[in-house]
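The values are calculated or read from the model by the stated rules, or taken from the named source; none is laboratory data. Note that the structure is predicted; figures quoted are calculated from it, not measured. For the accessible areas, the whole protein counts, side chains as well, though only heavy atoms, and no ligand, DNA or RNA atoms are used. Shrake-Rupley method; radii C 1.70, N 1.55, O 1.52, S 1.80 Å.
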Amino acid sequence: MKKIFTVLLAGIFSAAFAQAPPDYYNGTAGLTGYTLKSKLSEIISDGALDLGYGTGTGGLWETFYTSDVDKYYENNGTVLDMYSERPAGPDAYEYRLGRVTDGGNQCGTTNSMEQENSCYNREHTLPKSFFGGINARPMANDAHFIIPADYYVNGQRFNYPYGETNDPDWTSSNGSKVGGCSFPDYGGTIFEPIDEFKGDLARMQLYFITRYETKLQNFSQYNPSMNPIDGSRERGYKQWYINLLLKWALQDPVSQKEIDRNNAIYARQKNRNPFIDHPEWVFMIWNSTLSSSEVAAFKTRVSVYPNPVRNGEIHLAGYGLEKIKEVRIYNMEGRLVKSVSQDFSNLRTVNIKELPKGNYILRTEEQSLRFIIN
Ligand SMILES: [Ca+2]
Ligand SMILES: [Ca+2]
């Protein structure tokens, strides 16, 4: 009996460490717009630790062991590198965590820049040249917007802002692109990640201008031709970049991967990305660019991943999961092949191992989503 109690207690404590305490966002009720943003800035800055950049071990290198592991696609414990991960699989290459001397593929002091698949390094998703470089702390060490990424793709990304391009000059093994921007109101060169990760990266960018809102005026002096930071404390980025990030946050809702990443970083760094916990806040703060119907759609929008399906399971992600009572899966002849009723806000996985290869439609009360088993 005592043993069972101890195990239960340990479970409760580990859950408490991993997730937001219930009072974490105290004081935000009723706030909207930039007032909400400033309150969030206070909350996520209070008690946030600077764990350092890491020199071979420690810092970000250590954080990646829990924050960026592939438990979703290959599901094999390798590095989840958003610049090389292929959601439909298989990846062109994979990295093991850790230093070469520990059997891993972490970049060291001498690295080849010739091609992909040499090593993974630390990618500031908002380039560090936009906020003063590697010595600008704690920004340069903040895991909420720094990810493990292939060294060569990271080099191709250079200091370009994110964007969209119709005419890529270069494409990585997973389809990430560098090219002239085709998104409205910016004419420079941009880096476009794959669709699967656009929301993830958008929420990281929005975290940055919330966490560091009191410093933004200073940051806008750096690399001004490419820098999307506009120097305002409130909006944070130039309007075209806000428009892009809101579009991406809408089209790629929060996934389990992002929730797990937020919890893993919180366990070490002691602060959270509020836009993963409360994706609706993105639109309550920067609401100027979406129509009311887009905002309404956003509040109930879910997606399924991975697609094509891997390992006989499909996962639901996104907003309004608590409203879904049942999902029904139809084959392309329109025949119902499976229906599942469960609490989708807690249990987001549907086992479909028995279904043959083919195209399917998953229906919720509000949406129809197409997926493939191959
Ligand atoms: Ca992978
Ligand atoms: Ca995503």
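With the full set of protein chains in place, find how many percent of the accessible area of the chain is carbon and sulfur; take the probe as 1.4 Å.
Exposed carbon and sulfur together represent 50 percent of the surface.
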Practice problem: At a Cα cut-off below 13 Å, give the aspartates and glutamates reachable from K238, other chains included and same-chain residues fewer than 8 away excluded. | Solution: D185, D230
Self-check item: Nearest-10 value in Å² for the accessible area of E74, using the 1.4 Å probe
Solution: 40
Quiz item: Considering the chain as a Gaussian network with a 10 Å cut-off on Cα pairs, which listed residue, N105, N346, N227, attains the greatest mean-square fluctuation?
Solution: N346
Quiz prompt | Sequence of R96, R122, R301 when ordered by accessible area, the most exposed leading, probe 1.4 angstrom | solution = R96, R301, R122
Practice problem: Mind grabbing the accessible area of V350 for me, 1.4 Å probe, Å², rounded to tens? | Solution: 0
Quiz item: Can you tell me the Rg and Dmax of the chain, counting just the alpha carbons, in angstroms?
Solution: 20.8, 67
Quiz item: In percent, how large is the relative contact order of the chain, given Cα pairs closer than 8 Å and 6 or more residues apart?
Solution: 15
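Quote the Stokes-Einstein diffusion coefficient, in whole µm² s⁻¹, for the range 132-234, based on the Kirkwood radius over alpha carbon pairs, a temperature of 20 °C and a viscosity of 1.002 mPa s.
146
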Quiz item: Which entries in the list K71/K215; K198/K325; K39/K128; K247/K338; K247/K325 go over 31 Å, if you measure between the two C-alpha atoms of each?
Solution: K71/K215; K247/K338
Exercise. Using a 1.4 Å probe and counting only protein heavy atoms, arrange E192, E114 so the residue with the most accessible area comes first.
Key: E114, E192
Exercise. Send over a whole-number figure in Å² for the accessible area per residue of the range 33-276, probe 1.4 Å.
Key: 36
Quiz item: How do I134, I43 stack up against each other in accessible area, from largest to smallest, with a 1.4 angstrom probe?
Solution: I134, I43
